[in-house]
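Colleague: Starting off with a structure, shown below.
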Amino acid sequence: MIEMKDVNVIYDNDIIALNHINLQLDNGCYVIIGQNGSGKSTLLKTLVSIVDFSGEIRIDGVLLDQQHLKQIRQKVGMIFQNPDHQLFMSRIYDDIAFGLINQKKSQKEIELKIDQIVKQLQIKDLLNRSSHQLSGGQKRMAAIASVLVMEPDILLMDEPTSFLDSKGRRRMIEFIQSCQKTMLIVSHDLDMALEVADQIILLDQGEIIMQDETEKILKDKDLLEQHGLELPFCFQRG
Amino acid sequence: MNKLFTSLMNMSQVDEYGHLDTFIHHLHPLVKMMMTTMILVCLISTKSIIELLIYLFLVLFITKCCQIPIKQLLKRGLLGLPLCLCLGLSYLLLNQNKMYFYGFYINEGIILCLLLFLKTFLCLSLAYLLITTTSFDELTCELVFLKVPAIFVLQLVMTYRYIYLLLEEATLMARSYLLRSPNDQAIQMKDMGSFVGHLLVGSMKQSQDIYHCMKCRGFDIEITYQHHQKINSEDVFIMMIGVGILMMIKVVCI
Ligand SMILES: Nc1ncnc2c1ncn2[C@@H]1O[C@H](COP(=O)(O)OP(=O)(O)OP(=O)(O)O)[C@@H](O)[C@H]1O
Ligand SMILES: [Mg+2]
């Protein structure tokens, strides 16, 4: 469960990225939509306290502050918008193992978990390669694996389907649908949102415009256009 | 130009020989670290060309044992050449004293220049050998084991990553610059200021993002790098042989 009370984020003293955000998210899959620069990534980053914010955030009832930061980061896994930031070891295998080592897992357990995750995401052939040699989509998959392998209770994903081809995207959607965690996903892919989201959160200029049932928001052409978005493809045709 | 970029990119991949299967690769990281330090101290403290030539032979021998192509070693070792040429030339020009050298009278400047050159090359080569045969993470684990304060180890780890990030960022930026200005062979002087500025700010921001990502996955120097390996008797034996060889070189050359 994620609670945000009157959260504000201001960059460089004058760019208001989040403006009085109040949110309450229970178990389920939530997709945040909004045009470029509307503050979606910033919202995710505040939840792991990467950017400075004012206000109050609680995750599963635990207050997000310096004292509980470690505890919360163990609970929350975040997949960043740019996979390059997430891959920093010499081999993809080491990258995926990185989080597990920090969780003090035994060597055997680490190997087992990595084996499971690479089978699930079908990236076994990437394990021994260096991230410099991978394509955008392959990097994205590896970055996703490196977070999922830690089995966080809450998953934050910043544009998980960007860089992916249609098969990779489908794999991602199926994964999200099969996942029983609290998930907060940022995406420009409204068709995916339609498939996976329990609720949609519409963000514009750092403010939450609306939080409601998926279809209600995604079928509302006027609302979407007002905030710089378009209807999902499947509704455009029909 | 493409060739330059490719070689720059390759430079950032020192671990390409890291997965080879030689006995030096399997040596205990701590042994390699200590041996490197000892050779470094020996070669920095000497003033004898002959001794340096012996170390040169030793380094080449180790390179052969590691199955690393000598050409790769030369590429890295000669990186410091421009800097030491500047210093060396000033020796040549300023120091006109004659000295006796194995039956000949030659300029002291030449000897000093040669010494400087050999030492720089050897230091860089040794560092390269250590890094290629030992993964940086293994080295870090040993530093943590030796109880080096976390803040220093962290600096080292982040600096190591930052250098590669900077190289990569520079290569990418230069490529996109040249693609958009097909008539230029290199980055123009007038754009150099903003190029370098952007490079530094951009790469710093990126390294900050990477650090955040690491933190989000529970990074903590003392936890992440706690896999100290046990030293076994073979390692000790090889270390003793190494120390013996170094002592012999010192004795012979004195
Ligand atoms: N490090 C930063 N310093 C200053 N301003 C920033 C910084 N990061 C983001 N911003 C600004 O904050 C606002 C929100 O940015 P954010 O990255 O959250 O947008 P976003 O909704 O994720 O956009 P996109 O869809 O393009 O990823 C933007 O106006 C952006 O210019
Ligand atoms: Mg974003």
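Colleague: How many residues does segment A:149-171 hold that are within 13 Å of the chain's Cα centre (by Cα), more than 16 Å from ligand 2 (Cβ to nearest atom) and either under 20 Å from A:Lys40 (Cα atoms) or free of Cβ contacts under 8 Å to residues at least 24 places away in the same chain (or both)?
Modeller: 2
Colleague: State whether the residues of segment B:214-232 include one that is away from chain A (no Cβ under 14 Å), under 30 Å from B:Ser45 (Cα atoms), open to solvent by less than 90 Å² (accessible area, probe 1.4 Å) and modelled with pLDDT of 85 or more. Explain how you work it out, then say what you get.
Modeller: Of all residues in segment B:214-232, those away from chain A (no Cβ under 14 Å) come to B:230-232.
Filter once more, keeping what is under 30 Å from B:Ser45 (Cα atoms): B:231.
Okay, now just the ones that are also open to solvent by less than 90 Å² (accessible area, probe 1.4 Å), so B:231.
Retained after the next criterion (residues that are modelled with pLDDT of 85 or more): B:231.
Yes, that holds for at least one residue.
Colleague: Right, here's the next one. Mind checking whether some residue in segment A:90-98 is within 14 Å of chain B (Cβ to nearest Cβ), out of contact with any Lys or Arg (no Cβ under 9 Å at 6 or more places or on another chain) and closer than 23 Å to A:Asp198 by Cβ?
Modeller: no
Colleague: Got a number for residues in segment A:11-55 being more than 16 Å from ligand 1 (Cβ to nearest atom), loosely packed, with under 14 Cβ neighbours inside 10 Å and assigned to a strand (DSSP E or B)?
Modeller: Total meeting the criteria: 2.
Colleague: Kindly list, by first and then second residue, each pair from a residue in segment A:203-221 that is over 16 Å from A:Ser38 (Cβ atoms) and in contact (Cβ under 8 Å) with a residue 40 or more places away in the chain to a residue that is crowded, with 16+ Cβ neighbours inside 10 Å and among the aliphatic types (A, V, I, L, M), limited to pairs with Cβ atoms under 8 Å and residues at least 6 apart or on different chains.
Modeller: A:Thr214/A:Val31; A:Thr214/A:Ala193; A:Thr214/A:Leu194; A:Thr214/A:Ala197; A:Thr214/A:Ile200
Colleague: Check whether at least one residue in segment A:31-38 is within 17 Å of the chain's Cα centre (by Cα), within 10 Å of ligand 2 (Cβ to nearest atom), within 14 Å of chain B (Cβ to nearest Cβ) and under 22 Å from B:His212 (Cβ atoms), and report yes or no.
Modeller: no
Colleague: Only one of (1) at pLDDT 95 or above; (2) basic (Lys, Arg); (3) in contact with a Gly (Cβ under 9 Å, 6 or more places away or on another chain) is not met by A:Arg73, so which one is it?
Modeller: Unmet condition: (1).
Colleague: Which of (1) touching an Asp or Glu at 6+ places or on another chain (Cβ under 9 Å); (2) within 16 Å of ligand 2 (Cβ to nearest atom); (3) in a strand (DSSP E or B) is the odd one out, the single condition A:Lys5 does not satisfy?
Modeller: Of (1) touching an Asp or Glu at 6+ places or on another chain (Cβ under 9 Å); (2) within 16 Å of ligand 2 (Cβ to nearest atom); (3) in a strand (DSSP E or B), only one is false for A:Lys5: (2).
Colleague: Hey, any hits in segment A:117-134 for a residue that's touching a Phe, Trp or Tyr at 6+ places or on another chain (Cβ under 8 Å), away from chain B (no Cβ under 13 Å) and modelled with pLDDT of 90 or more?
Modeller: There is no residue in segment A:117-134 that is touching a Phe, Trp or Tyr at 6+ places or on another chain (Cβ under 8 Å), away from chain B (no Cβ under 13 Å) and modelled with pLDDT of 90 or more.
Colleague: Residues that are closer than 30 Å to B:Ser203 by Cβ, away from ligand 2 (no atom under 16 Å from the Cβ), within 13 Å of chain B (Cβ to nearest Cβ) and at pLDDT below 95: does segment A:40-53 have at least one?
Modeller: yes
Colleague: While we're looking at this one, here's another question. Kindly list, by first and then second residue, each pair from a residue in segment B:106-123 that is at negative phi to a residue that is open to solvent by 50 Å² or more (accessible area, probe 1.4 Å) and β-branched (Val, Ile, Thr), limited to pairs with Cβ atoms under 6 Å and residues at least 6 apart or on different chains.
Modeller: Matching pairs, first to second residue: none at all.
Colleague: I've got another one for you. Looking only at segment B:39-48, which residues are exposed (fewer than 15 other Cβ atoms within 10 Å of the Cβ) and in contact with a helix residue (DSSP H, G or I) (Cβ under 9 Å, 6 or more places away or on another chain)?
Modeller: Residues satisfying the conditions are B:Ile44, B:Lys47, B:Ser48.
Colleague: Where residues in segment B:128-165 are of a type in the set (A, V, I, L, M) and over 27 Å from B:Gln208 (Cβ atoms), which of them is surrounded by the fewest Cβ atoms within 10 Å (Cβ to Cβ)?
Modeller: The extreme case among them is B:Leu146.
Colleague: Could you please find all residues in segment A:95-128 being free of Cβ contacts under 8 Å to residues at least 12 places away in the same chain and either surrounded by 18 or more Cβ atoms within 10 Å (Cβ to Cβ) or on the phi > 0 side of the Ramachandran plot (or both)?
Modeller: A:Ile101, A:Asn102, A:Lys104
Colleague: Can you tell me how many residues in segment A:56-89 are in a strand (DSSP E or B), at the interface with another protein chain (Cβ under 9 Å from one of its Cβ atoms) and without any contact (Cβ under 8 Å) to a residue 40 or more places away in the chain? Give the derivation first.
Modeller: To start, the set of residues in segment A:56-89 that are in a strand (DSSP E or B) comprises A:56-59, A:62-63, A:76-79.
If we keep only those that are at the interface with another protein chain (Cβ under 9 Å from one of its Cβ atoms) too, we end up with A:76-78.
Retained after the next criterion (residues that are without any contact (Cβ under 8 Å) to a residue 40 or more places away in the chain): none.
Going through segment A:56-89 one residue at a time, the tally reaches 0.
Colleague: Residue by residue through segment A:68-82, note down the ones that are open to solvent by less than 30 Å² (accessible area, probe 1.4 Å) and either within 14 Å of ligand 1 (Cβ to nearest atom) or under 11 Å from the mean Cα position of the chain (by Cα) (or both).
Modeller: Within segment A:68-82, A:Val76, A:Gly77, A:Met78, A:Ile79, A:Phe80 qualify.
Colleague: Still on this structure, I have one more. List, please: which pairs have Cβ atoms under 9 Å, are six or more places apart or on different chains, and start with a residue in segment B:23-42 that is within 17 Å of B:Phe136 (Cβ to Cβ) and end with one that is among the basic types (Lys, Arg)?
Modeller: As it stands, the answer is B:Ile24/B:Lys32; B:His28/B:Lys230, since those pairs meet every condition given.
Colleague: Counting residues that are away from chain B (no Cβ under 14 Å) and within 16 Å of ligand 1 (Cβ to nearest atom), which strands (runs of 3 or more DSSP E) fully inside segment A:143-238 reach at least 1?
Modeller: Ranges flagged: A:182-186, A:199-204, A:207-213.
Colleague: Any chance you could count how many residues in segment B:61-78 are assigned to a helix (DSSP H, G or I), open to solvent by 30 Å² or more (accessible area, probe 1.4 Å) and not basic (Lys, Arg)? Walk me through how you get there before you give the answer.
Modeller: Let us first name the residues in segment B:61-78 that are assigned to a helix (DSSP H, G or I), namely B:61-65, B:70-78.
Next, only the ones that are open to solvent by 30 Å² or more (accessible area, probe 1.4 Å) stay: B:61-62, B:64-65, B:70-72, B:74-75, B:78.
Pick out the ones that are also not basic (Lys, Arg) and you get B:61-62, B:65, B:70, B:72, B:74, B:78.
Result for segment B:61-78: 7.
The values are calculated or read from the model by the stated rules, or taken from the named source; none is laboratory data. Keep in mind the model is a prediction, meaning the values are calculated, not measured. All Cβ positions, even for glycine, are placed from backbone atoms using ideal geometry, and neighbour counts span all protein chains on display. We work out accessible area using only protein heavy atoms, side chains counted, and drop any ligands, DNA or RNA first. Shrake-Rupley method; radii C 1.70, N 1.55, O 1.52, S 1.80 Å.
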